[in-house]
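Q: Dumping the structure here so I can ask a few things about it.
The values are calculated or read from the model by the stated rules, or taken from the named source; none is laboratory data. This is a predicted model, so every value here is computed, not measured. Note that each Cβ is placed from the backbone with ideal geometry, even for glycine, and that neighbours are counted across all protein chains shown.
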Amino acid sequence: MVLDTILEKIDSNQNRYIEELLGFLKIPSVSTYSHLAADVRRAAEWVCSHAKRVGLQARLIETKGHPVVHAWRCRQPDQPTLLIYGHYDVQPPEPKEEWHSPPFSPVIRDGYIYARGASDDKGQFFTYLKAIEAILAGAGELPINVKLLVEGEEEIGSPNLGPVLAANADLFKADAIAISDGSQFARGVPTITYGLRGLSYLQIDVRGPRIDLHSGAFGGLVKNPVQALCEILAQLRNPDGTVAIPGFYDQVLELQAWERNELAALPFAEQELTQYLGIADLSGEPDFAPLERKTARPTLDINGIWGGFAGEGAKTVIPAKAGAKVSMRLVPNQRPEQINQLFIDHVRRLAPEGVKVEVRELHGADPVLVRRDQPEVQAAVRAIATGFGTAPVFIREGGSIPIVNLLQETLQLQAILMMGWGNPDDGTHSPNERFRLQDFHHGIRSVAALLYELAKPGA
(Lines give C-alpha, C1' and ligand atoms only; values in the text may rest on other atoms or scores of the structure.)
Protein backbone atom coordinates (compact mmCIF):
# COMPACT_ATOMS: atom_id res chain seq x y z
CA MET A 1 0.00 0.00 0.00
CA VAL A 2 1.30 3.45 -0.96
CA LEU A 3 0.47 4.98 2.43
CA ASP A 4 2.52 2.33 4.24
CA THR A 5 5.54 3.30 2.16
CA ILE A 6 4.94 6.97 2.95
CA LEU A 7 4.69 6.28 6.68
CA GLU A 8 7.94 4.33 6.59
CA LYS A 9 9.61 7.27 4.87
CA ILE A 10 8.30 9.61 7.58
CA ASP A 11 9.62 7.30 10.29
CA SER A 12 13.07 7.09 8.73
CA ASN A 13 13.43 10.85 8.25
CA GLN A 14 12.33 11.94 11.70
CA ASN A 15 15.75 13.18 12.83
CA ARG A 16 16.07 15.40 9.77
CA TYR A 17 12.59 16.81 10.30
CA ILE A 18 13.53 17.74 13.85
CA GLU A 19 16.71 19.48 12.75
CA GLU A 20 14.76 21.52 10.20
CA LEU A 21 12.19 22.49 12.81
CA LEU A 22 14.96 23.66 15.12
CA GLY A 23 16.11 26.05 12.39
CA PHE A 24 12.58 27.44 12.02
CA LEU A 25 12.29 27.96 15.78
CA LYS A 26 15.48 30.02 15.91
CA ILE A 27 13.75 32.89 14.10
CA PRO A 28 12.31 35.35 16.70
CA SER A 29 9.13 36.08 14.79
CA VAL A 30 7.29 38.01 17.53
CA SER A 31 4.62 39.83 15.55
CA THR A 32 3.73 42.37 18.22
CA TYR A 33 7.27 43.82 18.41
CA SER A 34 8.01 46.39 15.70
CA HIS A 35 11.75 46.05 16.27
CA LEU A 36 11.50 42.39 15.20
CA ALA A 37 9.57 43.09 11.99
CA ALA A 38 12.54 42.01 9.87
CA ASP A 39 12.67 38.67 11.71
CA VAL A 40 8.95 38.16 11.27
CA ARG A 41 9.40 38.65 7.55
CA ARG A 42 12.38 36.29 7.62
CA ALA A 43 10.09 33.62 9.07
CA ALA A 44 7.58 34.20 6.27
CA GLU A 45 10.33 33.87 3.68
CA TRP A 46 11.56 30.70 5.43
CA VAL A 47 8.09 29.12 5.15
CA CYS A 48 7.73 30.21 1.53
CA SER A 49 11.15 28.83 0.61
CA HIS A 50 10.55 25.55 2.43
CA ALA A 51 7.16 25.12 0.77
CA LYS A 52 8.84 25.45 -2.62
CA ARG A 53 11.55 23.02 -1.57
CA VAL A 54 9.07 20.27 -0.71
CA GLY A 55 7.27 20.65 -4.04
CA LEU A 56 4.65 23.39 -3.69
CA GLN A 57 4.25 26.63 -5.55
CA ALA A 58 4.45 29.50 -3.09
CA ARG A 59 4.47 33.26 -2.80
CA LEU A 60 4.09 36.05 -0.28
CA ILE A 61 0.96 38.19 -0.21
CA GLU A 62 1.86 41.58 1.20
CA THR A 63 -0.39 43.26 3.77
CA LYS A 64 -0.29 46.48 5.76
CA GLY A 65 1.51 44.43 8.40
CA HIS A 66 3.26 41.09 8.12
CA PRO A 67 2.92 39.04 4.90
CA VAL A 68 0.74 35.99 4.32
CA VAL A 69 2.29 32.89 2.79
CA HIS A 70 0.15 31.37 0.03
CA ALA A 71 1.29 27.95 -1.22
CA TRP A 72 -0.49 25.38 -3.34
CA ARG A 73 -0.35 22.20 -5.40
CA CYS A 74 -3.60 21.54 -7.26
CA ARG A 75 -3.13 18.86 -9.90
CA GLN A 76 -6.10 16.59 -9.12
CA PRO A 77 -9.18 18.15 -10.77
CA ASP A 78 -11.42 15.25 -9.70
CA GLN A 79 -10.32 15.30 -6.07
CA PRO A 80 -11.21 17.62 -3.19
CA THR A 81 -9.11 20.54 -2.05
CA LEU A 82 -7.83 20.89 1.49
CA LEU A 83 -6.89 24.32 2.81
CA ILE A 84 -4.23 24.17 5.52
CA TYR A 85 -4.03 27.07 7.97
CA GLY A 86 -1.09 27.91 10.19
CA HIS A 87 0.81 30.87 11.56
CA TYR A 88 4.52 31.58 11.72
CA ASP A 89 4.37 34.38 14.29
CA VAL A 90 4.84 33.72 17.99
CA GLN A 91 4.10 35.27 21.37
CA PRO A 92 6.66 37.46 23.14
CA PRO A 93 8.98 35.31 25.26
CA GLU A 94 8.85 37.46 28.41
CA PRO A 95 9.58 36.95 31.23
CA LYS A 96 12.86 35.68 29.80
CA GLU A 97 14.39 35.06 33.21
CA GLU A 98 11.93 32.22 33.78
CA TRP A 99 13.15 30.24 30.77
CA HIS A 100 15.49 27.34 31.47
CA SER A 101 17.11 27.91 28.08
CA PRO A 102 16.95 30.90 25.69
CA PRO A 103 13.53 31.02 23.98
CA PHE A 104 14.99 31.27 20.48
CA SER A 105 17.82 28.81 21.00
CA PRO A 106 15.77 25.60 20.79
CA VAL A 107 16.96 22.61 22.78
CA ILE A 108 15.79 19.03 23.16
CA ARG A 109 15.29 17.72 26.70
CA ASP A 110 13.52 14.60 27.88
CA GLY A 111 11.75 14.01 24.56
CA TYR A 112 10.56 17.61 24.07
CA ILE A 113 11.67 20.57 21.96
CA TYR A 114 11.81 23.69 24.14
CA ALA A 115 11.46 27.03 22.32
CA ARG A 116 9.00 29.82 21.79
CA GLY A 117 6.65 28.69 19.01
CA ALA A 118 7.51 25.01 19.41
CA SER A 119 3.86 24.09 19.92
CA ASP A 120 2.13 27.35 19.00
CA ASP A 121 2.25 27.06 16.06
CA LYS A 122 5.50 26.44 14.21
CA GLY A 123 5.90 22.82 15.25
CA GLN A 124 2.31 21.86 14.61
CA PHE A 125 2.10 23.64 11.26
CA PHE A 126 5.42 22.17 10.14
CA THR A 127 3.90 18.66 10.29
CA TYR A 128 1.93 19.51 7.15
CA LEU A 129 4.97 20.51 5.14
CA LYS A 130 6.79 17.34 6.15
CA ALA A 131 3.82 15.09 5.31
CA ILE A 132 3.50 16.73 1.90
CA GLU A 133 7.22 16.30 1.31
CA ALA A 134 7.09 12.62 2.23
CA ILE A 135 4.15 11.91 -0.08
CA LEU A 136 5.72 13.69 -3.04
CA ALA A 137 9.02 11.91 -2.46
CA GLY A 138 7.42 8.50 -2.11
CA ALA A 139 4.45 8.65 -4.51
CA GLY A 140 5.35 11.43 -6.92
CA GLU A 141 2.05 13.28 -6.49
CA LEU A 142 -0.43 14.24 -3.81
CA PRO A 143 -3.71 12.29 -3.71
CA ILE A 144 -5.73 15.52 -3.36
CA ASN A 145 -5.27 19.24 -3.95
CA VAL A 146 -3.77 21.33 -1.17
CA LYS A 147 -3.56 25.03 -0.46
CA LEU A 148 -1.69 26.66 2.41
CA LEU A 149 -2.59 29.86 4.19
CA VAL A 150 0.11 30.79 6.70
CA GLU A 151 -0.14 34.17 8.39
CA GLY A 152 2.17 36.21 10.56
CA GLU A 153 -0.32 38.08 12.72
CA GLU A 154 -2.35 35.44 14.54
CA GLU A 155 -0.87 36.39 17.89
CA ILE A 156 -2.03 40.00 17.45
CA GLY A 157 -5.56 39.23 16.29
CA SER A 158 -5.04 38.74 12.52
CA PRO A 159 -5.84 42.39 11.68
CA ASN A 160 -4.90 42.09 8.01
CA LEU A 161 -6.10 38.59 7.19
CA GLY A 162 -9.71 39.62 6.54
CA PRO A 163 -8.79 41.95 3.66
CA VAL A 164 -6.47 39.28 2.21
CA LEU A 165 -9.25 36.70 2.22
CA ALA A 166 -11.81 39.14 0.85
CA ALA A 167 -9.52 40.08 -2.04
CA ASN A 168 -8.37 36.51 -2.75
CA ALA A 169 -11.36 34.32 -1.86
CA ASP A 170 -11.03 32.26 -5.06
CA LEU A 171 -7.37 31.52 -4.33
CA PHE A 172 -8.28 29.95 -1.00
CA LYS A 173 -11.49 28.22 -2.05
CA ALA A 174 -11.53 24.67 -0.69
CA ASP A 175 -13.75 21.79 0.39
CA ALA A 176 -12.32 21.55 3.91
CA ILE A 177 -9.81 23.29 6.13
CA ALA A 178 -7.31 21.74 8.51
CA ILE A 179 -6.07 23.66 11.55
CA SER A 180 -3.53 22.26 13.99
CA ASP A 181 -3.04 25.02 16.54
CA GLY A 182 -4.23 23.44 19.76
CA SER A 183 -3.78 20.44 21.99
CA GLN A 184 -4.91 16.91 22.56
CA PHE A 185 -7.25 16.27 25.46
CA ALA A 186 -4.37 14.72 27.37
CA ARG A 187 -1.08 13.04 26.60
CA GLY A 188 -1.78 10.01 24.44
CA VAL A 189 -5.41 11.06 23.86
CA PRO A 190 -5.54 12.53 20.33
CA THR A 191 -8.44 14.87 19.81
CA ILE A 192 -10.72 16.46 17.25
CA THR A 193 -12.30 19.70 18.42
CA TYR A 194 -15.83 20.14 17.11
CA GLY A 195 -16.88 23.18 19.12
CA LEU A 196 -15.39 26.50 20.22
CA ARG A 197 -16.81 28.97 22.65
CA GLY A 198 -17.31 32.50 21.41
CA LEU A 199 -16.24 35.69 23.14
CA SER A 200 -17.58 39.03 24.27
CA TYR A 201 -14.91 41.33 25.72
CA LEU A 202 -15.79 44.70 27.20
CA GLN A 203 -14.30 47.44 29.35
CA ILE A 204 -16.06 49.36 32.11
CA ASP A 205 -14.81 52.87 32.89
CA VAL A 206 -16.04 54.69 36.00
CA ARG A 207 -15.30 58.39 36.50
CA GLY A 208 -15.96 60.53 39.52
CA PRO A 209 -14.25 63.79 40.52
CA ARG A 210 -12.08 65.54 37.95
CA ILE A 211 -8.91 64.76 39.97
CA ASP A 212 -7.79 62.42 42.74
CA LEU A 213 -8.92 63.79 46.10
CA HIS A 214 -7.59 63.72 49.66
CA SER A 215 -9.69 61.11 51.45
CA GLY A 216 -9.54 63.06 54.71
CA ALA A 217 -10.76 66.27 53.14
CA PHE A 218 -13.40 64.81 50.83
CA GLY A 219 -14.25 61.35 52.21
CA GLY A 220 -17.99 61.16 52.85
CA LEU A 221 -18.73 63.85 50.27
CA VAL A 222 -18.13 62.17 46.89
CA LYS A 223 -18.80 58.76 45.44
CA ASN A 224 -15.60 56.73 45.18
CA PRO A 225 -15.20 55.36 41.59
CA VAL A 226 -13.36 52.25 42.83
CA GLN A 227 -16.17 51.52 45.31
CA ALA A 228 -18.78 52.11 42.59
CA LEU A 229 -16.93 49.78 40.22
CA CYS A 230 -16.73 47.04 42.85
CA GLU A 231 -20.47 47.35 43.51
CA ILE A 232 -21.14 46.87 39.79
CA LEU A 233 -18.75 43.96 39.38
CA ALA A 234 -20.14 42.18 42.43
CA GLN A 235 -23.56 42.08 40.77
CA LEU A 236 -22.47 40.54 37.47
CA ARG A 237 -22.57 37.02 38.93
CA ASN A 238 -24.78 35.29 41.43
CA PRO A 239 -23.38 33.64 44.57
CA ASP A 240 -23.75 30.20 42.97
CA GLY A 241 -21.48 31.15 40.06
CA THR A 242 -24.15 31.73 37.43
CA VAL A 243 -24.22 34.94 35.41
CA ALA A 244 -26.68 37.49 36.80
CA ILE A 245 -27.33 39.41 33.57
CA PRO A 246 -31.04 39.13 32.65
CA GLY A 247 -31.50 37.19 29.40
CA PHE A 248 -27.91 35.89 29.36
CA TYR A 249 -28.94 32.22 29.14
CA ASP A 250 -32.01 32.65 26.92
CA GLN A 251 -30.37 31.51 23.66
CA VAL A 252 -27.97 28.91 25.08
CA LEU A 253 -27.90 25.63 23.13
CA GLU A 254 -28.02 23.03 25.88
CA LEU A 255 -25.71 20.04 25.89
CA GLN A 256 -27.28 16.89 24.52
CA ALA A 257 -27.37 13.76 26.68
CA TRP A 258 -24.88 11.97 24.41
CA GLU A 259 -22.46 14.89 24.69
CA ARG A 260 -22.62 14.83 28.47
CA ASN A 261 -22.06 11.08 28.44
CA GLU A 262 -19.00 11.43 26.18
CA LEU A 263 -17.54 14.20 28.32
CA ALA A 264 -18.08 12.11 31.45
CA ALA A 265 -16.17 9.23 29.84
CA LEU A 266 -13.04 11.32 29.20
CA PRO A 267 -10.05 10.76 31.52
CA PHE A 268 -10.44 13.92 33.57
CA ALA A 269 -8.35 14.00 36.77
CA GLU A 270 -9.78 16.77 38.92
CA GLN A 271 -7.27 16.36 41.73
CA GLU A 272 -4.33 16.57 39.34
CA LEU A 273 -5.79 19.72 37.84
CA THR A 274 -6.27 21.44 41.19
CA GLN A 275 -2.70 20.52 42.17
CA TYR A 276 -1.36 21.87 38.86
CA LEU A 277 -3.33 25.11 39.35
CA GLY A 278 -2.32 25.41 42.99
CA ILE A 279 -5.89 25.70 44.27
CA ALA A 280 -7.94 23.69 46.75
CA ASP A 281 -11.15 23.27 44.76
CA LEU A 282 -12.75 23.95 41.40
CA SER A 283 -15.73 26.29 41.30
CA GLY A 284 -18.42 27.31 38.85
CA GLU A 285 -21.97 26.85 37.69
CA PRO A 286 -23.86 24.22 39.72
CA ASP A 287 -25.42 21.12 38.13
CA PHE A 288 -22.64 20.85 35.54
CA ALA A 289 -19.45 18.81 35.68
CA PRO A 290 -16.08 20.60 35.46
CA LEU A 291 -15.48 19.60 31.83
CA GLU A 292 -18.95 20.79 30.87
CA ARG A 293 -18.33 24.14 32.56
CA LYS A 294 -14.89 24.42 30.99
CA THR A 295 -15.89 23.73 27.40
CA ALA A 296 -19.62 23.99 26.75
CA ARG A 297 -21.21 26.41 29.22
CA PRO A 298 -21.13 30.22 29.05
CA THR A 299 -19.09 32.11 31.61
CA LEU A 300 -18.27 35.62 32.81
CA ASP A 301 -14.89 36.60 34.25
CA ILE A 302 -13.26 39.81 35.40
CA ASN A 303 -9.92 39.91 33.58
CA GLY A 304 -8.43 43.04 35.09
CA ILE A 305 -9.24 45.89 37.46
CA TRP A 306 -7.51 49.17 38.22
CA GLY A 307 -7.95 52.44 40.08
CA GLY A 308 -6.44 54.48 42.87
CA PHE A 309 -3.06 54.06 44.50
CA ALA A 310 -1.36 50.66 44.34
CA GLY A 311 2.24 51.58 44.95
CA GLU A 312 4.47 50.92 47.91
CA GLY A 313 3.35 52.36 51.22
CA ALA A 314 0.25 54.51 51.76
CA LYS A 315 -1.43 57.32 49.88
CA THR A 316 -4.87 58.38 51.13
CA VAL A 317 -6.77 59.31 47.98
CA ILE A 318 -10.21 59.01 46.52
CA PRO A 319 -9.35 58.15 42.91
CA ALA A 320 -10.84 60.09 40.05
CA LYS A 321 -11.39 57.01 37.93
CA ALA A 322 -11.43 53.22 37.92
CA GLY A 323 -11.85 50.52 35.33
CA ALA A 324 -12.20 46.83 34.64
CA LYS A 325 -12.08 44.45 31.71
CA VAL A 326 -14.67 41.69 31.55
CA SER A 327 -14.89 38.71 29.20
CA MET A 328 -17.76 36.35 28.59
CA ARG A 329 -17.30 33.01 26.89
CA LEU A 330 -20.28 32.17 24.72
CA VAL A 331 -21.79 28.90 23.48
CA PRO A 332 -23.73 28.08 20.32
CA ASN A 333 -26.76 30.31 19.63
CA GLN A 334 -25.33 33.14 21.73
CA ARG A 335 -24.18 36.09 19.63
CA PRO A 336 -21.58 38.60 20.83
CA GLU A 337 -23.55 41.65 19.73
CA GLN A 338 -26.64 40.49 21.65
CA ILE A 339 -24.69 39.55 24.77
CA ASN A 340 -22.80 42.85 24.64
CA GLN A 341 -26.06 44.80 24.66
CA LEU A 342 -27.44 42.75 27.55
CA PHE A 343 -24.21 43.44 29.47
CA ILE A 344 -24.30 47.18 28.73
CA ASP A 345 -27.95 47.46 29.77
CA HIS A 346 -27.27 45.57 33.00
CA VAL A 347 -24.28 47.74 33.92
CA ARG A 348 -26.27 50.90 33.27
CA ARG A 349 -29.00 49.66 35.61
CA LEU A 350 -26.39 48.99 38.29
CA ALA A 351 -24.53 52.28 37.92
CA PRO A 352 -24.87 54.30 41.16
CA GLU A 353 -25.45 58.02 41.28
CA GLY A 354 -22.45 60.28 41.68
CA VAL A 355 -20.26 58.68 39.00
CA LYS A 356 -20.24 58.42 35.23
CA VAL A 357 -20.11 54.86 33.88
CA GLU A 358 -19.17 53.98 30.30
CA VAL A 359 -18.93 50.54 28.68
CA ARG A 360 -16.80 49.88 25.60
CA GLU A 361 -16.94 46.83 23.35
CA LEU A 362 -13.38 45.64 22.66
CA HIS A 363 -13.50 42.28 20.94
CA GLY A 364 -15.85 39.45 20.04
CA ALA A 365 -16.13 36.11 18.29
CA ASP A 366 -19.04 33.84 17.49
CA PRO A 367 -19.16 30.31 18.89
CA VAL A 368 -18.44 27.48 16.46
CA LEU A 369 -20.05 24.04 16.26
CA VAL A 370 -18.91 21.59 13.56
CA ARG A 371 -21.11 18.69 12.49
CA ARG A 372 -19.31 15.51 13.40
CA ASP A 373 -21.08 13.37 10.78
CA GLN A 374 -19.46 15.18 7.84
CA PRO A 375 -17.40 12.82 5.66
CA GLU A 376 -14.32 15.01 6.03
CA VAL A 377 -14.53 14.83 9.82
CA GLN A 378 -14.82 11.05 9.68
CA ALA A 379 -11.80 10.96 7.36
CA ALA A 380 -9.89 12.85 10.03
CA VAL A 381 -10.93 10.28 12.62
CA ARG A 382 -9.46 7.46 10.52
CA ALA A 383 -6.31 9.45 9.74
CA ILE A 384 -5.56 10.23 13.37
CA ALA A 385 -6.12 6.60 14.31
CA THR A 386 -3.48 5.71 11.72
CA GLY A 387 -1.05 8.39 12.79
CA PHE A 388 -1.32 8.02 16.57
CA GLY A 389 -2.26 4.36 16.77
CA THR A 390 -5.46 5.13 18.67
CA ALA A 391 -8.79 6.69 17.75
CA PRO A 392 -9.31 10.36 18.67
CA VAL A 393 -11.87 11.66 21.12
CA PHE A 394 -14.19 14.55 20.33
CA ILE A 395 -14.25 17.62 22.54
CA ARG A 396 -15.44 21.17 22.62
CA GLU A 397 -12.79 23.76 23.43
CA GLY A 398 -13.33 26.43 26.04
CA GLY A 399 -11.40 29.10 24.16
CA SER A 400 -12.10 31.03 21.00
CA ILE A 401 -10.20 30.90 17.71
CA PRO A 402 -11.40 34.00 15.81
CA ILE A 403 -9.64 32.86 12.65
CA VAL A 404 -12.07 29.94 12.44
CA ASN A 405 -15.00 32.37 12.34
CA LEU A 406 -13.26 34.48 9.71
CA LEU A 407 -12.49 31.51 7.46
CA GLN A 408 -15.96 30.08 7.94
CA GLU A 409 -17.66 33.33 7.01
CA THR A 410 -15.35 34.45 4.21
CA LEU A 411 -14.82 31.11 2.47
CA GLN A 412 -18.16 29.52 3.43
CA LEU A 413 -16.40 26.46 4.83
CA GLN A 414 -18.33 23.99 6.98
CA ALA A 415 -15.86 21.08 7.11
CA ILE A 416 -13.44 22.49 9.69
CA LEU A 417 -10.91 19.96 10.94
CA MET A 418 -9.42 21.21 14.22
CA MET A 419 -6.79 18.66 15.17
CA GLY A 420 -4.32 19.74 17.82
CA TRP A 421 -1.06 17.81 18.06
CA GLY A 422 0.16 19.50 21.24
CA ASN A 423 -0.50 18.80 24.90
CA PRO A 424 -2.31 20.90 27.52
CA ASP A 425 0.95 21.32 29.46
CA ASP A 426 3.01 22.52 26.50
CA GLY A 427 3.15 25.99 28.05
CA THR A 428 2.04 27.94 25.00
CA HIS A 429 2.26 31.70 25.74
CA SER A 430 4.31 30.83 28.85
CA PRO A 431 8.02 30.46 29.59
CA ASN A 432 9.53 27.10 28.63
CA GLU A 433 7.05 26.35 25.85
CA ARG A 434 7.61 22.87 24.50
CA PHE A 435 6.42 20.31 21.93
CA ARG A 436 6.68 16.57 22.43
CA LEU A 437 8.78 14.91 19.74
CA GLN A 438 6.51 11.89 19.65
CA ASP A 439 3.51 14.11 18.96
CA PHE A 440 5.44 15.90 16.22
CA HIS A 441 6.08 12.50 14.64
CA HIS A 442 2.49 11.31 15.07
CA GLY A 443 1.21 14.59 13.65
CA ILE A 444 3.19 14.13 10.42
CA ARG A 445 1.90 10.58 10.06
CA SER A 446 -1.67 11.75 10.68
CA VAL A 447 -1.46 14.49 8.05
CA ALA A 448 -0.15 12.05 5.45
CA ALA A 449 -2.98 9.64 6.25
CA LEU A 450 -5.52 12.49 6.11
CA LEU A 451 -4.60 13.41 2.54
CA TYR A 452 -5.19 9.81 1.46
CA GLU A 453 -8.40 9.46 3.48
CA LEU A 454 -9.84 12.60 1.88
CA ALA A 455 -9.13 11.12 -1.55
CA LYS A 456 -11.44 8.18 -0.92
CA PRO A 457 -14.90 8.26 -2.52
CA GLY A 458 -17.46 9.85 -0.23
CA ALA A 459 -14.88 11.63 1.94
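Q: With the structure loaded, tell me whether ILE211 is in contact (Cβ under 8 Å) with a residue 24 or more places away in the chain and either buried (at least 22 other Cβ atoms within 10 Å of the Cβ) or outside any loop (DSSP other than H, G, I, E, B) (or both) or whether it fails that test. Lay out the reasoning, then the answer.
A: Details: in contact (Cβ under 8 Å) with a residue 24 or more places away in the chain: yes; either buried (at least 22 other Cβ atoms within 10 Å of the Cβ) or outside any loop (DSSP other than H, G, I, E, B) (or both): no.
When the stated conditions are applied, ILE211 does not pass them.
Q: Return yes or no: is ALA51 closer than 23 Å to ASN145 by Cα, aliphatic (A, V, I, L, M) and out of contact with any Phe, Trp or Tyr (no Cβ under 7 Å at 6 or more places or on another chain)?
A: Spelling it out, ALA51 is indeed closer than 23 Å to ASN145 by Cα, aliphatic (A, V, I, L, M) and out of contact with any Phe, Trp or Tyr (no Cβ under 7 Å at 6 or more places or on another chain).
Q: Hey, can you tell me all the residues within the stretch 280-292 that are out of contact with any Pro (no Cβ under 6 Å at 6 or more places or on another chain) and closer than 17 Å to GLY398 by Cβ?
A: Selection gives SER283, GLY284, GLU285, PHE288, ALA289, PRO290, LEU291, GLU292.
Q: Let me ask something else. Any idea how many residues of the stretch 378-421 are under 20 Å from ALA186 (Cα atoms), modelled with pLDDT of 95 or more and out of contact with any Ser or Thr (no Cβ under 8 Å at 6 or more places or on another chain)?
A: The number of residues fulfilling the criteria is 8.
Q: Another question about this same structure. Taking the residues in the stretch 372-390 that are touching a residue at least 60 places away in the same chain (Cβ under 8 Å) and assigned to a loop (DSSP other than H, G, I, E, B) as candidates, determine which candidate is farthest from MET418 (Cα to Cα).
A: THR390
Q: Ok, one more. Can you give me the number of residues within the stretch 43-75 that are of a type in the set (D, E, K, R), closer than 22 Å to ALA118 by Cβ and under 25 Å from the mean Cα position of the chain (by Cα)?
A: 1
Q: Right, something else. Restricting the first residue to the stretch 245-265 and requiring it to be on the phi < 0 side of the Ramachandran plot, which pairs with a second residue that is of a type in the set (Ser, Thr, Tyr) and in a loop (DSSP other than H, G, I, E, B) meet a Cβ separation below 9 Å and a spacing of at least six or different chains?
A: From residues that are on the phi < 0 side of the Ramachandran plot, the pairs are PHE248/THR242; TYR249/THR242.
Q: Okay, moving on. Give the residues of the stretch 83-108 that are touching a strand residue (DSSP E or B) at 6+ places or on another chain (Cβ under 8 Å), farther than 30 Å from THR410 by Cβ and not in a loop (DSSP other than H, G, I, E, B), sorted by residue number.
A: Within the stretch 83-108, VAL107, ILE108 qualify.
Q: Related question: Can you confirm whether ALA131 is in contact (Cβ under 8 Å) with a residue 12 or more places away in the chain and surrounded by fewer than 22 Cβ atoms within 10 Å (Cβ to Cβ)?
A: Against the criterion (in contact (Cβ under 8 Å) with a residue 12 or more places away in the chain and surrounded by fewer than 22 Cβ atoms within 10 Å (Cβ to Cβ)), ALA131 does not qualify.
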